[in-house]
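Trainee: Below is the structure I would like to discuss, written out as structure tokens.
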Amino acid sequence: MKIVGKITSWLGKIFLYFWCIFSLFSLIWVAISALKTNRELFGNPWGMAEKLQFSNFAKVWSSYNLSQNFYNSVVVVAFSVIFILIICTPASYVLSRVNFRGRGFLSFLFTAGMGIPYQLLLIPLYFIMFRVGLTNTLGGLVIVYVALSIPFTIFLMLGFFRTLPSVLEEAALIDGCTPIQTFFRIMLPLGRPAVITASIFNFLSLWNEFLLALVFTNDDWKFTLSVGLNALQTSMQYTGDWVALFAGIVVVIIPTLIVYLLLSRRIIEGLTLGAVKE
Amino acid sequence: MKSSTISGGLKKGYLSMVILFLAPAFIIYVILFLFPSAQSFYISLFDWSGFTESMNFIGLGNFRELFRDESFWNVAFSNSMRIIFAGGIITFAIAFIFSGILSTRVKGKRFFRGLLFFPAVINPVAVAILWSFIFNNQWGLLNSILDGIGLSALKQVWTEPGKMFWALLVSLIWMNTGYYCVILLAGLDQVPETHIEAAYLEGASQFTIFMKIKLPLIRNIVGTAVTLWCINAVKEFVLFFSWSGGISVPPNDATNLAVKMFITAFGRRTTIFRMGYATTMGIVMFAVIAITIFIVDRIFRTKDLEY
């Protein structure tokens with residue numbers, strides 16, 4: 001038994017190394033390929049470029065519309081995250097700290113939304129937006145993003161606010177603060193980790209979001225990065241310009257990479273917080 | 001719980017704050033989330049093209065048609081099932097192995113964890129592009145590696161019907177395994193050191209410790225992770241839809257429940273616009289998730305788990 005165990009963990013370790021090396025390598029490979037010419041790429045996928053083709057990036061940024069897509073993504077995600085925080089933070093605070101009738105029901109109502117796949121509500125939602133003329137607009141997309149992010153964000157923040165002790169509020173009340181002042185002056189600053197975690201999580205999922213963006217934008221100058229990248233891939237079928245496509249991938253991944261390198265620990269901890277807390 | 005709430009809830013001053021703070025989230029949630037969800041059930045009873053005013057009430061006609069629709073069951077539904085089960089088993093097998101290794105005191109644990117998790121935050125469209133290039137049979141990386149190590153005989157047209165699904169599944173697994181591994185790892189790390197040390201002192205190997213002590217104790221977390229996997233697997237859309245450029249309708253191998261529903265409603269080059277019918281598919285997806293959550297809960301949740 002012991003030998004089986006030893007071999008298994010040894011093999012497992014090798015597998016782990018292999019997997020990680022592969023992941024690292026594939027990303028580096030994309031970056032290298034983005035700097036080649038198409039002929040170099042197809043001639044020898046493993047070789048290095050003779051001259052670094054930064055022109056691929058210039059090409060994909062200007063003539064392939066990616067800069068517009070990038071701008072759209074930045075605007076949409078920024079506004080979405082801000083609005084999500086504005087409406088979810090006070091709501092989670094009140095749900096977790098103030099004991100009012102119907103609190104449990106409301107909390108359940110909000111977080112149960114996590115079990116509902118957005119495909120269930122996609123079509124009716126589309127037509128609601130259609131009737132108010134908000135389809136094919138970036139503003140409409142922001143509203144949709146905000147609405148669909150509510151369940152998880154409230155779930156995340158609820159869990160956090162519950163861990164704060166109530167003595168602080170009681171002390172603030174004794175000192176003469178109104179409840180609203182208590183929220184803004186004391187609890188909100190304390191709730192910063194939750195706010196930051198929620199922002200990061202929403203940023204990541206919305207930056208990479210595809211289906212909703214595809215449904216709610218139709219003109220290609222309104223596309224976000226995900227949809228734009230996909231459109232790029234489609235057009236590449238005709239032009240065969242794979243290296244530009246890889247340059248596009250690099251452009252799309254870089255913001256995620258930066259955020260991830262700086263904040264990976266917080267991201268992982270925040271995401272597993274909900275799953276692991278019992 | 002009691003110590004973290006303000007007692008005497010509806011005291012003067014609190015009511016207005018409660019309403020004020022809850023209102024925006026509640027209103028948006030009800031109008032744009034709960035109401036459309038309920039509306040789905042209503043719309044599924046109609047034959048509707050969405051953009052016209054006329055909706056023909058056909059009762060359960062959509063459901064009856066769906067039951068008989070081969071392209072739905074044989075392709076979309078079965079692909080989704082294959083994703084959930086084959087994909088799930090492989091993903092979790094790998095996740096268990098990796099999290100088991102990383103939960104022992106390995107050097108560079110944070111580095112590995114970070115690297116494993118990263119594919120889950122890359123834009124799925126980019127993942128689809130990368131992997132469809134790897135599997136491309138003319139100039140793809142996989143075939144060129146096989147050439148390089150002398151296994152040219154194993155070269156295939158990976159994107160052939162029948163094989164393409166597995167190529168997609170491989171890339172899906174690559175993308176997601178790290179996420180589930182990290183969840184399991186977080187759970188494993190919570191197992192108290194004392195138990196592990198005691199077993200270690202009695203001569204148990206890391207492997208035995210993992211199988212007999214750690215695994216049983218993280219049962220609840222495994223349940224959560226499996227639930228998350230099932231939900232995400234049913235919702236999976238992007239990777240399949242954007243594989244191979246999607247010039248026209250995605251091929252059968254790249255069609256799962258989510259893709260099928262999207263095509264039925266919004267179409268691609270040939271728009272179909274069968275909203276009532278598509279909504280029915282959405283309900284099936286929801287039902288699959290609900291049933292899965294229920295089953296997983298039964299299997300994995302244990303109530304009294306004391307360390």
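The values are calculated or read from the model by the stated rules, or taken from the named source; none is laboratory data. Worth saying up front: this structure is predicted, and the values here are computed from it rather than measured. Cβ coordinates were reconstructed from backbone atoms using ideal geometry, including for glycine residues, and neighbour counts include every protein chain displayed. Keep in mind that these areas ignore ligands, DNA and RNA; they rest on the heavy atoms of the full protein, side chains included. Shrake-Rupley method; radii C 1.70, N 1.55, O 1.52, S 1.80 Å.
Trainee: When the helix-only estimate is applied to chain A (DSSP H runs of n ≥ 4, each -39,500 (n - 2.57), divided by the residue count), what is the mean residue ellipticity at 222 nm, nearest 500 deg cm²/dmol?
Mentor: Working: 13 runs with 210 residues, N = 278.
About -25000 deg cm²/dmol.
Trainee: Work out which helices of chain B, taken as complete DSSP H runs, extend at least 20 Å along their axis over the Cα atoms and score a mean Kyte-Doolittle of 0.5 or more, then list them. Provide the component values of the computation, followed by the final result.
Mentor: Working: long enough: B:14-29 (22 Å, 2.20); B:88-103 (21 Å, 2.20); B:164-189 (38 Å, 1.51); B:219-235 (24 Å, 0.79); B:275-300 (37 Å, 1.80).
Within chain B the helices that satisfy the rule are B:14-29, B:88-103, B:164-189, B:219-235, B:275-300.
Trainee: Hey, another quick one. Just A:139, A:240, A:176 to compare: in a GNM of chain A, with alpha carbon springs under 10 Å, which one fluctuates most?
Mentor: A:176
Trainee: Now a separate question. Under 10 Å, Cα contacts only: if you run a Gaussian network model on chain A, which one of A:198, A:34, A:112 comes out with the highest mean-square fluctuation?
Mentor: A:112
Trainee: Using a 10 angstrom cutoff on alpha carbons, build the Gaussian network for chain A and name the most mobile of A:36, A:59, A:222.
Mentor: A:59
Trainee: Continuing with this model, one more query. To the nearest whole percent, what portion of all C-alpha pairs in segment A:132-173 is separated by more than 11 angstrom? Display every interim value, and only then the final one.
Mentor: Numbers: 624 of 861 pairs.
Tail fraction, whole percent: 72.
Trainee: Tell me the total accessible area that A and B bury against each other, 1.4 angstrom probe, in square angstrom rounded to 100. Write out the running numbers ahead of the final one.
Mentor: Numbers: alone 17050 and 18580 Å², together 26110 Å².
The buried area between A and B, both sides summed, comes to about 9500 Å².
Trainee: With a 1.4 Å probe and all protein chains left in place, how much of the accessible area of segment B:62-129 comes from carbon and sulfur atoms, in whole percent?
Mentor: Numbers: 1860 of 2880 Å².
Taking all protein chains in place, segment B:62-129 shows 65 percent carbon and sulfur surface.
Trainee: Ignoring ligands, DNA and RNA, what accessible area per residue does segment A:1-149 give at 1.4 Å, in Å²? Kindly include the intermediate steps, with their values, before the conclusion.
Mentor: Values: 7190 Å² over 149 residues.
On a per-residue basis, segment A:1-149 sits at 48 Å².
Trainee: Normalised by the number of residues in chain B, what is the relative contact order in percent for Cα pairs under 8 Å and 6+ residues apart?
Mentor: Working: 322 pairs, mean separation 80.9, N = 307.
26 percent.
Trainee: Quick check: the distance between the Cα centres of segment A:55-74 and segment B:35-94, to the nearest angstrom?
Mentor: Here the answer is 36 Å between Cα centres.
Trainee: If contacts are Cα pairs under 8 angstrom and at least 6 residues apart, what is the relative contact order of chain A in percent? Write down the numbers at each step before the final one.
Mentor: On the way: 236 pairs, mean separation 83.4, N = 278.
Across chain A, relative contact order equals 30 percent.
Trainee: Give me the one-decimal nm value for the distance between modelled label points at residue B:104 and residue B:156, 7 Å along each residue's Cα-to-Cβ direction.
Mentor: Here the modelled spin labels are 3.4 nm apart.
Trainee: Let's test the formula: R0 of 56 Å, r as the Cβ-Cβ distance of residue B:74 and residue A:50. What FRET efficiency results, to the nearest 0.05?
Mentor: On the way: r = 50 Å, r/R0 = 0.89.
E between residue B:74 and residue A:50, to the nearest 0.05, is 0.65.
Trainee: Can you work out the PRE-style zone for residue A:13? Point 7 Å along Cα to Cβ, and I want the residues of segment B:98-131 with backbone N under 18 Å.
Mentor: Only B:98-113 pass the distance filter.
Trainee: Same structure again: Which residue, chosen from B:282, A:211, B:149, occupies the Cα position most advanced towards the positive end of the dipole of the protein assembly as shown, where the dipole is computed from +1 (Lys, Arg) and -1 (Asp, Glu) charges on Cβ about the Cα centre?
Mentor: B:149
Trainee: Could you tell me which residue out of A:31, A:45, A:15 lies farthest along the dipole of segment A:2-56 toward its positive end? Charges go on the beta carbon: Lys and Arg +1, Asp and Glu -1, centred on the Cα centre.
Mentor: It is A:15.
Trainee: Okay, next question. Using only the heavy atoms of the protein chains and a 1.4 Å probe, how would A:51, B:107, B:260 rank by accessible area, largest first?
Mentor: On the way: A:51 145, B:107 180, B:260 45 Å².
I get B:107, A:51, B:260, largest accessible area first.
Trainee: Leaving out ligands, DNA and RNA, and with a 1.4 Å probe, what % of the accessible surface on segment A:23-134 is carbon or sulfur? Provide the component values of the computation, followed by the final result.
Mentor: On the way: 3480 of 5090 Å².
That fraction is 68 percent.
Trainee: Accessible area of residue A:265, 1.4 Å probe, to the nearest 10 Å²?
Mentor: Roughly 120 Å² of residue A:265 is accessible to a 1.4 Å probe.
Trainee: Another one. Rounded if a/c is under 1.5, else prolate if a/b beats b/c, else oblate: with a ≥ b ≥ c from the C-alpha gyration tensor eigenvalues square-rooted, which is chain A?
Mentor: Details: a/c = 2.33, a/b = 1.48, b/c = 1.58.
The shape class here is oblate.
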